[in-house]
1. Find how many whole Å separate the alpha carbon centroid of the stretch 90-162 from the alpha carbon centroid of the stretch 206-264.
2. Sort by residue number and name the cysteines in the chain that have no neighbouring cysteine Cβ under 4.7 Å.
3. For a quick protection proxy, order the peptides 234-240, 188-194 by their average other-Cβ count within 10 Å, most packed first.
4. Evaluate the charge dipole of the chain about its Cα centre and quote only its size in Debye, nearest 20, assuming +1 on the Cβ of each Lys and Arg and -1 on the Cβ of each Asp and Glu.
5. Would you look at the GNM of the chain, springs on alpha carbons closer than 10 Å, and say which of Leu75, Leu115, Leu93 moves the most?
6. DSSP H helices in the chain with Cα extent of 27 Å or more along the helix axis and mean Kyte-Doolittle hydropathy at least -1.0?
7. What is the set of long-range amide H partners of Ala206 at a cut-off below 5 Å, with H atoms built 1.01 Å from backbone N?
8. May I ask for the net charge around Arg112, where only other residues with Cβ less than 13 Å from the Cβ of Arg112 are counted and Lys, Arg are +1 while Asp, Glu are -1?
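The numbers here are math on the coordinates, done by the rules we state, and not lab data. All values derive from a computational prediction rather than experimental measurement. Note that we place each Cβ from the backbone using ideal geometry, even for glycine, and neighbour counts take in every protein chain shown.
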Amino acid sequence: MGGAGNGLPGAPPPRPIPLKERASIVFVEKGQLDVIDGAFVLVDATGVRTVIPVGGLAVIMLEPGTRASHAAVALAARAGTLLVWVGEAGVRLYSTGQPGGARADRLLWQCRMALDPDARLAVVRHMFQLRFAETAPKRRSVDQLRGIEGARVREIYKVLARQFGVAWKRRAYDPGSFDLSDVPNRCLSAATSCLYGLTEAAVLAAGYAPAVGFLHTGKPLSFVYDIADLFKFETVVPEAFRIAGQHAKGKLDKPVDMAVRHACRDAFRKTGLLSRLIPAIEDVLLAGGLPRPEAPADAVGPAFEDPAPSGEEGQRG
């Protein structure tokens, strides 16, 4: 029998949990991701199974040594959980398994504002205000605002380094050679990768395109960086410097990247980040002041009506 008329055997898939009600992020390594007895599991080399509650997670980061079956990827997609294939310590991003898809109306709206100079500047000015709790200087271009933000960010790094007793030089890292960076930079790289994974899941769940940014441009995750920057200095960056400070004082009893991940997970929960990301995306785009574009009069409508979505606006199914 098909599940609730969906043409698939067995019971119908459960309704995806809203992103704001999920746990944030987990990292897995050295095992086979599969679906066994209906459960999403990680099977290690000795055959030990670890059940992963895929529907209750926003992001699963897959480190080297991890393999994923077709059934596991399909289940993650149906549950609206983003799979991200990353390098060791989660710093280098190789690929993502998209849990949803950009909605045509929202994607066109986002692109329209990114291509309109006045709307783009209005969005960037609003992001500046959200980030620094003050109005952006008048008569400044996007490039000038980017320069002002960069100077302020460098000063914030210096302040946090002094606060946590960290020897800080500058932000410098090579995504392909994580271990060659100094400890503070390794902590920052691990922390921001956690935030970027979570933010990308929110952008996709809301139905927007990660690549279409406003302050950041030309990268696959430009819009992800735009949104993540609104929250990074209240969540992951202080935790990265705190862990680096503990390491410098010999008070860390685990690898720095693992300590950073655990600290970021706790920071996401403490700040309620998952419940804030999608509203922040909408707030940022509304600042552009352009209405959502109407479909052209000669546009061909859908051949058949889609069923009501079971998850959030950008999720499939």
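1. One Cα centre to the other: 15 Å.
2. Cys111, Cys187
3. Values: 234-240: 22.1, 188-194: 25.3.
My ranking of the peptides, most packed first, is 188-194, 234-240.
4. On the way: 39 positive and 33 negative charges, 247 e Å.
Rounded to the nearest 20 debye, it is 1180 debye.
5. Leu115
6. Numbers: long enough: 142-164 (33 Å, -0.26); 183-205 (34 Å, 0.86).
Membrane-span-like by this criterion, though nothing is claimed about a membrane: 142-164, 183-205.
7. Gly314
8. Numbers: positive: Arg106, Arg120, Arg292; negative: Asp105, Asp116, Asp118, Glu294.
Residues close to Arg112 contribute a combined charge of -1.
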